[in-house]
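Report on one structure; see the data block that follows.
The values are calculated or read from the model by the stated rules, or taken from the named source; none is laboratory data. All figures in this text were calculated on a predicted structure; none of them were measured in a lab. No Cβ is skipped: glycine too gets one built from the backbone with ideal geometry, and neighbour counts run over all protein chains shown. With ligands, DNA and RNA removed, areas are computed over all heavy atoms of the protein, side chains included. Shrake-Rupley method; radii C 1.70, N 1.55, O 1.52, S 1.80 Å.
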Amino acid sequence: MGAPTERKASTSTQLSESSRTSKLWANGYVLLLTLGAGIGGLLFGYDTGVISGALLYIRDDFREVNESTFLQETIVSMAIAGAIIGAAVGGWVNDRHGRKIATLAADCVFAMGAVLMAAAPNPYVLILGRLFVGFGVGIASLSAPLYIAEASPAEIRGALVSTNVLFITAGQFLSFLINLGFTEVSGTWRWMLGVAGIPAVVQFIVMLYLPESPRWLFQKEKYEEAVAILEKIYPEDQVSYEVQKLTNSVDKELLSDASIGGIRYLDLMKSKEIRLALWAGVGLQVCYFVLDLVTLRILLLPRK
């Protein structure tokens, strides 16, 4: 009698969890938050792929670029340099001003860079534009997955965060289509690089109507705003549990910070669990870029 009863209870629990997960997937608000923030991945992917085709025509317009491999390499790599700087300051911007403001700032910088590139009268303005675009990408590459993770229900968080990678790949694919589409158009590379500003503007407009991350709001003690957002994300019977869980998590984090006078990077490395997670995360990113075919395509640019 005991075994069948346990199996019934287990089956009932699984059906309940499945039903709850289905309701979360059907929540259009959650999907809107994910898609809105995920455009940051599209910017990342597009900027990574578009330069491989654009540089061929940049060499035609600027003789000094055609004659100098150093300038060609600088044009390609300056976006990566900007992304390094953007990623370095992105954490501070996200913590200080919130995920939403960080994303809006990234969009503004990216759009400015796209305009500079499209209107560049010489290679040096083009390089400056690439630096701006890279800076925006660096911030967006951090704020987009962070925003999605903090605004997603735990049951489907992994799947939603992975959409950022999907958008990166889609951006790379889109860049090759755009390159192909503008091959025979007057201005070729200017259109290729300038079009990058469109998704940045779209995301800026969308993000104006989206809320801040509920976790960040809790950290800043804006509880009413955070609860109002959680009520739109979770089913009614789950909101109070999520509020309590988030409150406990933030309180524990603040208590930990106060007890040690702030967290230092060296302290984090002393923890075996965090150290292993860091090596795994960084290692995967290194492998991604080392083995990435788009990166190889950029490095092995065709010569005319």
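Key figures
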{"quantity": "Local electrostatic count, residue 210, Cβ distance below 12 Å [Lys/Arg +1, Asp/Glu -1]", "calculated": "+2"}
{"quantity": "The stretch 129-154 and the stretch 218-236: distance between their alpha carbon centers, rounded to Å", "calculated": "22"}
{"quantity": "Euclidean distance between Cα centres, the stretch 170-186 to the stretch 31-83, Å", "calculated": "12"}
{"quantity": "Environment charge at residue 78 (Cβ cut-off 14 Å; Lys +1, Arg +1, Asp -1, Glu -1)", "calculated": "-1"}
{"quantity": "List 63, 130, 96, 215, ordered by accessible area with a 1.4 Å probe, largest first", "calculated": "63, 96, 215, 130"}
{"quantity": "Surrounding net charge for residue 187, when Lys and Arg each add one and Asp and Glu each subtract one, Cβ distance under 12 Å", "calculated": "-2"}
{"quantity": "Protection proxy ranking of 280-287, 111-118 - average other beta-carbon atoms within 10 Å, highest first", "calculated": "111-118, 280-287"}
{"quantity": "25 Å Cα-Cα threshold exceeded, pairs from 222/252; 220/252; 222/270; 245/270; 100/245", "calculated": "222/270; 245/270"}
{"quantity": "Accessible surface, 1.4 Å probe, highest first, among residues 279, 25", "calculated": "279, 25"}
